[in-house]
1. Can you name the residue in region 156-170 that is more than 20 Å from the chain's Cα centre (by Cα) and not hydrophobic (A, V, I, L, M, F, W, C) and is also surrounded by the most Cβ atoms within 10 Å (Cβ to Cβ) among such residues?
2. Looking only at region 178-196, which residues are closer than 27 Å to T283 by Cβ and surrounded by fewer than 22 Cβ atoms within 10 Å (Cβ to Cβ)?
3. Return yes or no: is A230 under 24 Å from N197 (Cα atoms), free of Cβ contacts under 8 Å to residues at least 60 places away in the same chain, out of contact with any Gly (no Cβ under 9 Å at 6 or more places or on another chain) and of a type in the set (A, V, I, L, M, F, W, C)?
4. Please enumerate the residues belonging to region 261-305 that are at pLDDT 90 or above, among the charged types (D, E, K, R), out of contact with any Phe, Trp or Tyr (no Cβ under 6 Å at 6 or more places or on another chain) and farther than 13 Å from K222 by Cα.
5. I need every pair where a residue in region 244-264 that is in contact (Cβ under 8 Å) with a residue 40 or more places away in the chain has its Cβ under 6 Å from the Cβ of a residue that is among the polar types (S, T, N, Q) and buried (at least 17 other Cβ atoms within 10 Å of the Cβ), sequence separation at least 6 or different chains.
6. For region 132-155, give me each residue that is hydroxyl-bearing (S, T, Y) and surrounded by 15 or more Cβ atoms within 10 Å (Cβ to Cβ).
7. Hey, which of the helices (runs of 4 or more DSSP H) in region 48-165, taking only ones fully inside, have at least 1 residues that are at pLDDT 65 or above and farther than 30 Å from Q182 by Cα?
8. Quick one: which residue in L170, L176, L181, L192 is closer than 30 Å to L289 by Cβ, at pLDDT 95 or above and part of a helix (DSSP H, G or I)?
Amino acid sequence: MKKFLNMILMILILVFTILASFMIYSNVQGNRSSEEDLRRKVREEVHYLDSNLILILNDLNSISYEDYKVQTDRIETASGSDQSSRQSGNQGSNSEGGSSAGGENSGGNDSQDSTEAINQSKIISNNILNNTRDVLDWNQIKQTVETVYSSWAVIELDLHALNGNAEDILRFSDDLKASILQIKNEDKTNSLVALTNCYSTLAKLVGGYETDNIRKQIMYTKAHILNAYAIVEMDRWDDCATYLKDAENSFQQVMNDVSVSQNKQADISKVYVLIKEMQESITLKDPELFYINYKNVMQSIENIS
């Protein structure tokens, strides 16, 4: 009997151990799944910040990755009733015996002249050399940065939940506020600098928690390129060259990463060649040439991000 009871006790202990192990495993898997979901969400949110900050920076120099754009012009034309009144006035003045009446009617209609406005659209080339960099759509730029700022509160909470560096999160928030103030004042030069600081802080923040080395190095590369982009019209060409050298060093780590898939090797090599082209263009000290190379590089990086 005692032997039977010991056997039952052993079975109960074994069952309890199995159940406890299963519960612990399920809890660990649940936490891991929640963390992965949060990490995936934060990556999408960071991509949103990344793309919109670059969009605003590009808008500040009227740069677009599209080769063509639709231009809409507002044209004023005489209304139909106005045109018919003028025609009747002309007929009255040409007929005998009716010139006086025609003149009076014509004079009355002239006082009520009206026009209609229509929108006429056409497709035009959208290249750097034809762009007017000083004519900016500030309303659009303000709308975009305000939308980004409105989204930041939620993203900030998720970054804290993912154990992002608290100081970097606070610094990004301060940089974003500084960017809004410069854009509000329509100060192009300081807006470029403030937004670039914002992006650089974002890259540093991502580098603190991101486990994917390629993602980190691509963001660092873009941050260095944007630092050069922000000061290209300040005649600080030596500083531009330094930033582009930093961009090359960061991107070399992408090229040397063994986890890079074979089908992306060609795109990665292309980006590296374009970065070297940017470095060579610095010696000519020509902003338009720099912007052409900038556009080519940033567009190519998007293909591998």
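1. Ranking the candidates gives G164 first.
2. Passing the criteria: K188, T189, V193.
3. Answer is no for this residue.
4. D267, K270, K276, E277, E280, D286, E288
5. Between residues of region 244-264 that are in contact (Cβ under 8 Å) with a residue 40 or more places away in the chain and residues that are among the polar types (S, T, N, Q) and buried (at least 17 other Cβ atoms within 10 Å of the Cβ), the close pairs are Q253/Q217; V254/Q217.
6. T144
7. 138-161
8. Result: L192 is the single residue among L170, L176, L181, L192 that is closer than 30 Å to L289 by Cβ, at pLDDT 95 or above and part of a helix (DSSP H, G or I).
The values are calculated or read from the model by the stated rules, or taken from the named source; none is laboratory data. Owing to the predicted nature of the structure, the values given are computational and were not obtained by experimental measurement. Virtual Cβ from ideal backbone geometry, glycine too; neighbours counted across all protein chains shown.
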